[in-house]
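Notes for the one structure printed next.
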Amino acid sequence: MATPSSRLFDLLGMRVPIVQAPMAGVSSPAMAAAVSESGGLGSLGVGAMNAGKAREAIAQVRAASAGPLNVNVFVHQPVRADAAKEAAWLERLRPAFERYGAKAPGALHEIYKSFLDDDDMLAMLAEEKPKAVSFHFGLPHPKQLEVLRKAGIVLLATATNVEEAKAIQQAGLDGIVAQGYEAGGHRGMFDPDVEDSRLGTFALMRLLVRTVDLPVIAAGGIMDGTGIAAALKLGASAAQLGTAFVATDESLADKGYRERLFSDAAHHTVMTRAISGRPARSLASAFTQLGATVADDIIPAYPNAYDAGKSLNAAAKAAGETGYGAHWAGQGAPLARAMPASALMQLLKDELDRATR
Ligand SMILES: Cc1cc2nc3c(=O)[nH]c(=O)nc-3n(C[C@H](O)[C@H](O)[C@H](O)COP(=O)(O)O)c2cc1C
């Protein structure tokens with residue numbers, strides 16, 4: 001078994017260089033436990049949960065595995081609400097709501113609290129002490145980092161370019177998740193309104209390994225053991241796989257999402273802001289088609305736009321239309337395999353062994 005001699009790998013207590021990506025709404029305690037039991041790093045995406053729900057999810061993982069656990073939070077800048085923009089967006093979505101016999105909501109709300117403002121989440125994490133905490137969309141306040149560091153937690157954050165990676169190093173974190181443009185789900189970019197460098201995993205990995213002195217975890221488009229071997233060859237300490245786990249038995253993806261993943265839509269993933277207000281890679285759908293017809297600057301900020309997207313999905317789903325779900329997936333989506341997470345881990349390990357022999 002190829003095991004990179006990385007300090008991060010040792011710090012995290014991993015036996016195989018595989019991180020199951022935290023996926024808010026899709027990853028589950030059973031998935032994280034299965035991955036940790038298999039020697040990888042299981043993750044919980046708690047960006048959409050409050051501290052109480054996140055604590056319960058951590059307890060569920062612990063009941064099933066004593067392996068290492070990563071808990072992931074969203075660190076987006078709190079919303080500057082723009083009532084006129086939100087009303088105009090709801091008006092733009094009105095025909096879609098009406099098509100499904102529903103009314104658009106009267107106003108939008110900040111449905112996810114940023115970790116920057118979440119003292120309860122911070123206190124809960126410091127108490128529960130998961131092996132790792134990872135940050136998406138930016139970095140927490142230095143004081144928050146200090147609390148988590150004092151609790152002995154390994155700290156990771158997503159970077160999509162060199163500038164973000166340098167900020168993560170400067171803040172004294174332990175590792176970087178290098179997220180390429182191929183990746184499924186939300187781009188981890190700190191500021192969604194600056195021009196996106198759109199670096200692919202391959203180029204981003206080499207840039208970060210050459211310019212930043214921290215262990216790097218490669219994420220984006222990695223679907224099998226050969227892909228993991230390639231990431232390690234590029235200098236990664238481990239590979240973080242999201243889309244590969246969406247079709248596992250333990251995933252919370254619903255029937256419509258799974259069917260779309262195994263359809264032609266998987267060959268046409270799309271980066272869109274229309275679903276949530278932040279750029280995210282999705283399977284091609286009615287929602288990504290709608291997104292292609294609007295300019296990014298008319299879409300309200302994340303997560304308020306996501307409030308509209310979730311309402312529209314609920315209305316469409318009730319009428320039997322699955323094309324408005326947040327069906328995130330990376331460019332490797334057609335390579336997804338449906339099976340239990342532990343079987344996928346075994347397969348990935350076998351493929352990695354063969355690829356590095
Ligand atoms: C369904 C889904 C949900 C995701 N949710 C999160 C999340 O909550 N937090 C996070 O840091 N990354 C999230 N991501 C991004 C992953 O961490 C990772 O960057 C991505 O899955 C890697 O690309 P891949 O999907 O091609 O493997 C999500 C990805 C997917 C596919």
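Beta bridges per DSSP, both residues in the chain: antiparallel share near 20 percent. In plain terms, the chain from HIS267 to ALA59 could stretch by 71.1 nm, reckoned as 0.36 nm per residue minus the Cα-Cα distance. Annotation: extensible slack from ARG94 through ALA314 equals 77.8 nm (criterion: 0.36 nm per residue apart, minus Cα-Cα distance).
Over the range 52-190, accessible surface divided per residue gives 45 Å², non-protein components excluded, 1.4 Å probe. Protein heavy-atom surface of the chain, 1.4 angstrom probe: 51% of the accessible area is carbon and sulfur, with nucleic acids and ligands not counted. Take the Cα of ALA295, go 7 Å toward its beta carbon, and none of the backbone nitrogen atoms of the range 185-208 fall under 13 Å from that spot.
Treating r as the C-beta distance of ASP196 and ARG258 and R0 as 30 Å, the FRET efficiency rounds to 0.55.
In the chain, the longest principal axis of the Cα atoms and the axis of helix 201-211 are about 50 degrees apart. Couplings 3J(HN,Hα) of the range 121-129, computed from phi: 5, 4, 5, 4, 5, 5, 7, 6, 6 Hz, in residue order, whole Hz [Karplus 6.51 cos²θ - 1.76 cosθ + 1.60, θ = phi - 60°; x for Gly and Pro]. Charge dipole (Cα centre; +1 on Lys/Arg Cβ, -1 on Asp/Glu Cβ; no other charges) of the range 173-284 amounts to roughly 200 debye. Placing unit charges on the Cβ atoms only, positive for Lys and Arg and negative for Asp and Glu, gives the chain a dipole magnitude near 460 debye about its Cα centre. Calculated FRET efficiency, ARG337 to GLU37, Cβ-Cβ distance, R0 = 25 Å: about 0.85 to the nearest 0.05. Between GLU351 and ALA83, the FRET efficiency estimated from the beta carbon spacing at R0 = 56 angstrom works out to 0.60. Non-local lysine pairs in the chain, meaning eight or more places apart or on different chains, with alpha-carbon distances under 15 Å, amount to 6.
The values are calculated or read from the model by the stated rules, or taken from the named source; none is laboratory data. Nothing here was measured: the structure is a model prediction, and the numbers come from that model. Reconstructed Cβ throughout: ideal geometry from the backbone, glycine too, with neighbour counts over all protein chains shown. The protein model used for the area step is the full one, side chains on, heavy atoms only, and it has no ligands, DNA or RNA in it. Shrake-Rupley method; radii C 1.70, N 1.55, O 1.52, S 1.80 Å.
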